[in-house]
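Input: a single structure, listed below in structure tokens.
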């Protein structure tokens, strides 16, 4: 059997490989500590769950318009104006089956064969794969820990060619937790406006920011930038609604209309019940969200401080999201119980096999020599996991 090229070029997910190994170890009765999943361990707030239950009881279980209900799109419009200083009409907003679905719709709508899409590294694993599926060309800009893993205007300028179509920008970042300041975004915006390339602004973690920083939406930097920007967001992370599968995107009406046309043939509308619950999420109280953010902050500081206390590991302090991204490159080339550690994949595998701790190798995100640890889990599990990590590295020679 010969599968289609678009499927054959997709890189296997190392996260899924690790999850499979973790599951196998769990089935053997091992106490596996998982730090690989980007999913809040909190329950969906009660008022959101009640809105979903009410939707079922009121039989709101039929098809909705393909781009989402008017009620939800109006709620998104209200949210964007109130919180992000962005004015859109409902026709400039579309709802999909999660943020990832929104991203696929956007790439499939704007990227033609041979078009280049600039992706700063480290990147979320789906970005380059989605571009390749659309027969586009991922172009990577390497960022460094010294610059807080953020791309500079000069780097962007040098990466742009006549084939460049899109820049994907993620702030707060998955996997690094980096957050761009308004000044940094304005520098990037000048380059974008000069070359008239599109920007996919992934803002899924906007509500998870620490140290007194303020979040700035890229499209809010001016009308010239707004016309070139698709703003992606959703309810998964901030509202602990990962399984509800609701993401949304805002942008120019002609692009949104084309994305809706694609979605109408691919999946039709998002889940009707989840849409109703998402209205309650976007327009409801935010006290539980702030409590979750505060708890993430406590975990963040503990994890980063503990990582930096482990000999051979260096970890900058993330300013957003719920990931730590430590540098473990000092262990590459050394051995663990006679086995040479040739890369971060080996490090992650040996850590899992010997101490049952799961972290994602940085090579998955285009950043070899690093690991991603999610602190979207309890402080107790974090404490135990960090102690086991320390015991592991102390055995590396």
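Computed from the Cβ-Cβ distance with R0 of 41 Å, the FRET efficiency linking residue 181 to residue 353 stands at 0.50.
If I stretch the segment between residue 91 and residue 224 completely, what's the gain in nm (0.36 nm per residue apart, minus their alpha carbon distance), one decimal? Before the final figure, lay out the partial values.
On the way: separation 133, 0.36 × 133 = 47.88 nm, distance 1.93 nm.
Gain on extension, residue 91 to residue 224, equals 46.0 nm.
Each DSSP beta bridge with both residues in the chain is either parallel or antiparallel, and the antiparallel ones are about 45%.
Rounded to the nearest 5, what % of the DSSP beta bridges within the stretch 49-283 are antiparallel ones?
Within the stretch 49-283, antiparallel bridges account for around 30 percent of the total.
A Förster radius of 35 Å, combined with the Cβ-Cβ distance separating residue 253 from residue 49, puts the computed FRET efficiency at roughly 0.55. For a label point 7 Å from the Cα of residue 157 along Cα→C-beta, name the residues of the stretch 218-261 whose backbone N is under 19 Å from it. Within reach of a label on residue 157: 225.
Rounded, prolate or oblate: which fits the stretch 110-160 when a ≥ b ≥ c are the square roots of the eigenvalues of the alpha-carbon gyration tensor, with rounded for a/c under 1.5 and prolate only if a/b beats b/c?
Working: a/c = 3.79, a/b = 1.68, b/c = 2.26.
It is oblate, given that a/c is not under 1.5 and a/b is not larger than b/c.
Among 168-179, 228-239, the peptide with the highest mean count of other Cβ atoms within 10 Å heads the list, and the full ranking is 168-179, 228-239. Given R₀ = 22 Å, what would the calculated FRET efficiency be for residue 384 paired with residue 24, taking r from the Cβ atoms and rounding to 0.05? The formula returns an efficiency of 0.60 here. In the chain, the DSSP-assigned H stretches of four residues or longer account for a calculated mean residue ellipticity at 222 nm of -13000 deg cm²/dmol, using -39500 (n - 2.57) per stretch and the full residue count as denominator. A simple spin-label model places pseudo-atoms 7 Å from Cα toward Cβ; at residue 334 and residue 213 they are separated by 3.0 nm. Of the peptides 217-224, 130-137, the order by per-residue mean of other Cβ atoms within 10 Å, starting with the highest, comes out as 130-137, 217-224.
Packing order of peptides 196-208, 306-318, 323-335, highest average first: 196-208, 323-335, 306-318 (average count of other Cβ atoms within 10 Å over each peptide's residues).
A short reminder: the numbers here are calculations on the coordinates, not readings from a lab. This structure is a prediction, so every number in the text was calculated from the model and none was measured. Positions of Cβ are backbone-derived with ideal geometry, glycine not excepted, and every protein chain shown enters the neighbour counts.
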